[in-house]
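The values are calculated or read from the model by the stated rules, or taken from the named source; none is laboratory data. Keep in mind that what you see is a predicted model, and the values were worked out from it rather than measured. Cβ placement follows ideal geometry from the backbone for every residue including glycine, while neighbour counts extend to all protein chains displayed. Only protein heavy atoms, including side chains, enter the accessible area calculation; ligands, DNA and RNA are left aside. Shrake-Rupley method; radii C 1.70, N 1.55, O 1.52, S 1.80 Å.
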Amino acid sequence: MSGAEEQMQQLRSKATELLLREEWRDSIQLYSELIDLCQSQISNTHQHSDPDHLSKLHKSLCVAFSNRAEARSKLQHFTQALNDCDQALQIEATHFKTLICKGKILLCLNKYFNALDCFKAALFDPQGNGNLDIVNGYLEKCKKLEFQSRTGSFDLSDWVLNGFRGKPLELAEYIGPVKVNRSEISGRGLFATKNIDAGTLVLVTKAIAIERGILGGQDSAENAQLVMWKNFIDKVKEAVTRCQRTQLLIDMLSTGENEAGLEVPDMSIFRPEIEENGCSNDQKLDMDKILSILDVNSLVEEAVSAKVLGKNSDFYGVGLWILVSFINHSCNPNARRLHVGDYVIVHASRDVKAGEEITFMYFDALSPLEKRVEMSLSWGFNCRCSRCKFEEAVCSKQELREIEIGLEKGVDVGGAVYRLEEGMKRWAVRGKGKGYLRASFWAAYAEVYGSDRSMKRWGRRIPAMETVVDSVVEVMGSDERLLKVVVEGLKKSGGVVEFERAMKLGRGFYGKVIKKQALRTLLEIGINDKGY
């Protein structure tokens with residue numbers, strides 16, 4: 001055995017040992033040395049002098065590329081890993097291990113169709129005979145995700161019926177009938193390109209990075225959030241460093257300045273199955289810009305999301321979802337988001353017309369105007385949605401302020417609701433205007449409808465619960481608190497109409513990804529306050 005062959009054998013043995021011990025970085029280094037040595041030996045070996053030796057060198061090189069690809073994929077250095085896979089497949093086009101590795105990487109990059117081709121090709125390699133179950137498993141997974149991504153046909157029902165136990169579902173990325181365009185609300189926004197019914201899926205997307213934890217008591221919660229924010233920034237930095245495409249996507253987001261001058265991106269850039277993931281990591285990171293982008297675009301997981309994740313009320317999560325970042329706030333939103341694992345599912349919470357901007361709440365919009373103004377300013381903007389403009393005009397009426405102050409001081413809620421309804425008659429408030437004001441004082445309405453004593457005294461003098469709920473849903477879409485009042489009413493009456501109203505509200509709140517039986521179970525869980 002020559003000195004070079006002995007050196008190659010030692011490198012191969014040590015690199016394989018490191019790979020098995022999951023010491024990815026060290027194994028990459030040794031496989032890189034092995035690859036360089038193999039290539040050098042191949043270039044120094046004449047093709048006709050020793051074909052068997054040359055064949056062995058090529059085989060060693062193929063395996064080294066394949067193993068280095070595996071180690072790089074474990075570190076999520078997907079672009080470099082894919083390059084290694086392609087180098088290995090140039091040597092042996094049906095190399096089983098490489099095809100499986102490449103297919104798994106493409107799955108992680110949401111390139112379902114390309115991944116499907118890799119797993120199909122793996123079936124033709126004789127090495128795959130003993131691993132047919134594994135390959136077929138990947139094939140089925142690819143087909144399912146590709147179908148979801150193409151059609152938007154998601155079904156979380158089994159997971160819901162199983163009490164959200166087990167790992168959160170692995171979902172495909174999906175972009176529905178939407179596009180980015182200039183927004184009258186702020187900068188750019190996401191707009192419907194066709195009519196969308198309430199409950200219909202708008203998009204499903206995975207976080208670039210996410211950090212979660214349980215907050216302690218009030219004194220330690222702030223420190224815990226600061227630590228989580230630092231960890232979150234580190235994760236984003238790592239994601240950007242690994243892939244230039246991720247950096248380009250993040251760079252498109254707003255820093256909160258010069259909104260009018262920002263480019264409106266074409267939707268194809270967000271579709272991983274179309275866009276090539278050509279990445280180089282030579283670009284210098286502008287961390288100041290990234291920090292500004294995260295400050296403006298990061299999302300905190302909502303309480304409902306925490307329930308779906310099976311967490312308690314102290315649960316806190318913060319993440320970055322690129323396409324979701326284009327969705328602006330409105331106090332009369334038409335969409336809802338639900339966090340499942342690292343994914344955000346956005347669906348229409350009420351009917352949306354083609355050309356209408358998709359909006360959701362950045363904060364609790366079932367609040368009076370003054371509180372909403374305070375919350376919007378804490379977010380760094382002043383909401384100018386149609387509801388806020390309407391209420392600004394109405395709120396000049398002293399009586400409305402008196403009702404709000406009275407509720408803060410603990411006056412009889414039934415009397416306050418009655419006074420508001422009578423006031424709307426005198427002020428000639430009609431249509432959506434009624435829904436806006438009822439949404440602002442929803443807490444009072446909910447308290448009256450939930451109290452037998454209040455209903456006995458005021459029930460005949462105020463509108464029926466169904467009338468008020470319908471008017472609020474028209475302007476706000478479905479909400480968990482509206483749903484709770486309807487379900488409580490259903491418990492008392494048990495009528496078919498009330499059940500259908502509850503189911504319709506449920507579809508608007510949870511979306512059509514949860515089918516009828518699972519939705520019914522969810523509503524029953526809510527009734528009994530068992531938690532999620």
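Under 11 Å from the 7 Å Cα→Cβ point of Asp470, by amide nitrogen: which residues of segment 416-450?
The answer is none, because no backbone nitrogen lies closer than 11 Å to the label point.
Which distance in nm do the two modelled labels at Lys492 and Leu132 give, with both placed 7 Å along the Cα-to-Cβ direction?
Here the modelled spin labels are 6.3 nm apart.
If you roll a 1.4 angstrom probe over the protein chains with everything in place, what fraction of the accessible area of the chain belongs to carbon and sulfur, to the nearest %? Could you put the intermediate results ahead of the total?
Values: 12710 of 26290 Å².
Carbon with sulfur: 48 percent of the solvent-accessible area.
Evaluate the relative contact order of segment 369-478 (contact order divided by residue number), counting alpha-carbon pairs under 8 angstrom at least 6 apart; express in whole percent. Working shown, then result.
Numbers: 70 pairs, mean separation 29.2, N = 110.
Answer for segment 369-478 is 27 percent.
Considering only Cys118, Val473, Leu285, whose Cα is most displaced toward the positive end of the charge dipole of the chain, charges sitting on Cβ of Lys, Arg (+1) and Asp, Glu (-1)?
Val473
Applying a 10 Å radius around every beta-carbon, put 184-193, 131-140 in order of their mean neighbour count, most first.
Details: 184-193: 17.8, 131-140: 14.3.
Descending packing order for the listed peptides: 184-193, 131-140.
Roughly how many Å is it from the Cα centre of segment 5-81 to that of segment 98-164, as a whole number?
Distance between centres, Cα-based: 28 Å.
If every alpha-carbon in segment 369-478 counts as one equal scatterer, what log10 I(q)/I(0) does Debye give at q = 0.14, 0.15, 0.20 1/Å?
Each listed q maps to, in turn, -0.56, -0.65, -1.14.
Take peptides 394-403, 349-358 and line them up by average Cβ neighbours within 10 Å, highest first, as a rough protection proxy. List each step's numbers first, then the result.
Working: 394-403: 14.9, 349-358: 17.8.
Ranked from most to least packed, the peptides come out as 349-358, 394-403.
Roughly how many debye, to the nearest 20, is the charge dipole of the chain about its Cα centre, given +1 on each Lys and Arg Cβ, -1 on each Asp and Glu Cβ, and no other charges? Don't jump to the answer; show the numbers that get you there.
Numbers: 72 positive and 73 negative charges, 459 e Å.
With Lys and Arg at +1 and Asp and Glu at -1, about 2200 debye.
Mind checking the angle between helix 465-476 and the chain's longest principal axis? C-alpha axes, 0 to 90 degrees, to the nearest 10.
The answer is roughly 50 degrees.
For the ranges 237-246, 439-448, what's the packing order if you count other beta-carbon atoms within 10 Å of each residue, average per peptide, and put the highest first?
Working: 237-246: 18.2, 439-448: 22.2.
By packing density, highest mean first, the sequence is 439-448, 237-246.
Using +1 on the beta carbon of Lys and Arg, -1 on that of Asp and Glu, and nothing else charged, what's the dipole of segment 369-478 about the Cα centre, debye to 20? Show your work: numbers first, answer last.
Working: 20 positive and 16 negative charges, 63 e Å.
In debye, rounded to 20, segment 369-478 gives about 300.
How far apart, in nanometres, would the label points at Ser268 and Ala224 be if each is projected 7 angstrom from Cα along the Cα-to-Cβ direction?
4.7 nm
Relative contact order of the chain: what whole-number percent is it, with Cα pairs under 8 angstrom and at least 6 residues apart?
On the way: 770 pairs, mean separation 71.0, N = 532.
Across the chain, relative contact order equals 13 percent.
Going by a ≥ b ≥ c, the root eigenvalues of the Cα gyration tensor, does segment 155-260 fall in the rounded group (a/c under 1.5), the prolate group (a/b larger than b/c) or the oblate group? Please list the in-between numbers first.
Details: a/c = 1.71, a/b = 1.10, b/c = 1.57.
Verdict is oblate for segment 155-260.
Keeping to pairs on different chains or 8 or more places apart, tell me how many lysine pairs in segment 369-478 have Cα atoms under 19 Å apart.
So the count works out to 11.
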